[in-house]
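What follows draws every value from the coordinates through simple rules; no lab data is involved. Here the structure is a predicted model, which is why all the values come from computation and not from measurement. For neighbour counting, all protein chains shown are included, and Cβ atoms are generated from backbone atoms with ideal geometry for every residue, glycine included.
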C-alpha cells in the first residue's frame, strides 16, 4: 500500500493523490501544489512499517531479505508508470467518452502573457486518448493573476486514438476580470486542466 502512495503513474501523480482528492483533502499542505506532499509522507510511513514487518518475519530464514525488499521497491517505482499506461490502453481499447481521455501533468506547462490588450495562456499539454476519441475540448483552470481570478475559454483539440499527443494551444482569458494593460507575464508547470467530451468533464488540479 505504501508503494501505491509514493509511486507516480504515467500521468505524473500517484494513487495517493487521487485518494486524498476523493476524500476532499488537498494532497499538498499549501495552495498551488506547494508545501508538504501528504501522500508521500503517508506512503513512506506505511512502506517503512511494511518493510520492517516483512524483514522481522523472514530474516531468520532469508538473511538477505532486506536487500531483496529494497531492490523490489525500487524496481516497482521504476516499472509502475509503464504498467499503468499499458493497463489503461488495454482496458479502454474500443471505448469512448470522458473516461477514456486523460491529461498528463508531466512535462505540461502554460505561459501567461498580455497580448493586444488581452490575457492569453500559451500552453503545452500532454493528452492521452486510450480509446477511440479523436477530439477533446480543453480548458486551463482559472488562475490568480494580479490578485484576480482569470478564466480561460475552452478549445477543441485533435487527439490520436489509442495514443498520446503534445498539444500546443493558445487560450484567451477573460479581460473582464483584470486590466490587461498592466502587462501580465508569468508561467506555471503542471497547470490545472479541464477536459470535456460529449458534455461531460473532469478536472485535474
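General remarks:
- Here the chain yields Rg over Rh of 1.07, to two decimals, using C-alpha coordinates and the Kirkwood radius.
- Each principal axis of the Cα cloud of region 21-65 was taken in turn, and the coordinate range along them, longest first, works out to 48, 19, 9 Å.
- Summary of packing: across the peptides 16-27, 128-139, the per-residue average of other C-beta atoms within 10 Å ranks them, highest first, as 128-139, 16-27.
- Region 147-168 and region 18-67 have Cα centres separated by 33 Å.
- Normalised contact order of the chain, rounded percent, pairs of Cα under 8 Å and 6 or more residues apart: 19
- If you look at the Cα atoms of region 98-204, you get an Rg and a Dmax of 14.0, 44 Å.
- Listed peptides 4-14, 191-201 by packing density, highest first (mean Cβ within 10 Å): 4-14, 191-201
- Acute angle (nearest 10 degrees) that the helix 65-91 long axis makes with the longest principal axis of the chain, alpha-carbon atoms: 40
- For region 1-76, fraction of C-alpha pairs farther apart than 14 Å, in %: 66
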